1. Could you tell me which numbered condition residue 108 fails, if it satisfies all but one of (1) in a helix (DSSP H, G or I); (2) in contact with a helix residue (DSSP H, G or I) (Cβ under 6 Å, 6 or more places away or on another chain)?
2. What number of residues within the range 63-80 are more than 15 Å from residue 162 (Cβ to Cβ) and surrounded by 12 or more Cβ atoms within 10 Å (Cβ to Cβ)?
3. Please identify the pairs in which a residue from the range 110-131 that is more than 11 Å from residue 47 (Cα to Cα) has its Cβ atom under 6 Å from the Cβ atom of a residue that is among the basic types (Lys, Arg), counting only partners at least 6 apart or on another chain.
4. Consider residue 28 carefully, then state whether it is at pLDDT below 95 and either aliphatic (A, V, I, L, M) or farther than 23 Å from residue 161 by Cα (or both).
5. Are there any pairs, at least 6 apart or on different chains, whose C-beta atoms fall under 7 Å, with the first in the range 67-83 and within 16 Å of residue 94 (Cβ to Cβ) and the second of a type in the set (Phe, Trp, Tyr) and surrounded by 15 or more Cβ atoms within 10 Å (Cβ to Cβ), and if so, which?
6. Just one of the numbered conditions (1) in contact with a His (Cβ under 9 Å, 6 or more places away or on another chain); (2) exposed (fewer than 13 other Cβ atoms within 10 Å of the Cβ) is not true of residue 116; which one?
7. For the range 47-79, how many residues meet the condition of being in a helix (DSSP H, G or I) and not charged (D, E, K, R)?
Amino acid sequence: MKNLITTSIVLVFLCACNKSEKSARVQIDDLFTKYQRSFPEIKTMTFADIEKLSSDKYLLVDVREEKEINVSMIEGAVTKAEFDSDKNSHKDKLIIPYCTVGYRSGKFAQTLKADFKVANLAGGILAWVHDGGKVFDGDHETKNVHVYDKKWDLIPKSYKAEY
């Protein structure tokens with residue numbers, strides 16, 4: 001009987017945690033959908049969409065502030081400054097900017113649409129980690145993500161938010 005009670009408590013706890021993470025993911029999607037209305041002409045890509053692409057076919061561009069980038073980035077991404085310094089070498093790639101949720105990256109994508117194939121990362125780095133994407137601090141995987149400010153602390157429980 002004691003084992004059954006313990007198992008039930010653990011299951012209730014796991015369900016509560018899982019529901020909380022699902023709720024956060026829904027909030028991210030809702031925010032992104034709201035922001036996407038500001039740039040409806042920009043195609044969107046999800047983590048799952050990007051996983052299907054060969055890495056030589058696209059370039060992720062992190063448009064967040066330096067203090068955010070210093071905490072972690074998506075593997076293989078370049079900063080906006082790095083992209084801007086060598087734009088012409090990426091003309092044949094799909095450019096996928098990202099930020100915390102997708103507003104800043106959508107605005108950046110608008111500036112590129114005339115000269116590049118471009119798509120916005122749906123839900124930004126927050127959706128990326130929820131969907132199983134990894135982030136890195138230099139060459140090392142990390143569980144730290146700068147979430148801009150406390151309002152955006154919607155990362156999975158296995159991650160640590162910084163703001």
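1. Only one criterion in (1) in a helix (DSSP H, G or I); (2) in contact with a helix residue (DSSP H, G or I) (Cβ under 6 Å, 6 or more places away or on another chain) is unmet by residue 108, namely (2).
2. From the range 63-80, those more than 15 Å from residue 162 (Cβ to Cβ) are 63, 74-80; that's our starting set.
From what's left, surrounded by 12 or more Cβ atoms within 10 Å (Cβ to Cβ): 63, 74-75, 77-80.
The total comes to 7.
3. From the range 110-131, the pairs are 119/43.
4. On the way: at pLDDT below 95: no; either aliphatic (A, V, I, L, M) or farther than 23 Å from residue 161 by Cα (or both): yes.
Judged against the criteria, residue 28 is not a match.
5. As it stands, the answer is 74/98; 74/128, since those pairs meet every condition given.
6. Condition (2) is where residue 116 drops out.
7. So the first thing to find is which residues in the range 47-79 are in a helix (DSSP H, G or I), and the list is 47-51, 55-57, 66-69.
Among the residues that remain, those that are also not charged (D, E, K, R) are: 47-48, 50, 55, 69.
Counting residues in the range 47-79 that are in a helix (DSSP H, G or I) and not charged (D, E, K, R) gives 5.
One line per residue, one yes/no per condition, for (1) of a type in the set (Gly, Ala, Ser); (2) crowded, with 16+ Cβ neighbours inside 10 Å; (3) modelled with pLDDT of 95 or more:
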| residue | (1), (2), (3) |
| --- | --- |
| 83 | no, yes, yes |
| 95 | no, yes, yes |
| 98 | no, yes, yes |
| 103 | no, yes, yes |
| 108 | no, yes, yes |
| 126 | no, yes, yes |
| 131 | no, yes, yes |
| 142 | no, no, yes |
| 149 | no, no, no |
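The values are calculated or read from the model by the stated rules, or taken from the named source; none is laboratory data. Bear in mind that the values here come from a model prediction, so they are computed numbers and not experimental data. Don't worry about glycine lacking a Cβ; one is built from the backbone with ideal geometry, like all the others, and counts go over all protein chains shown.
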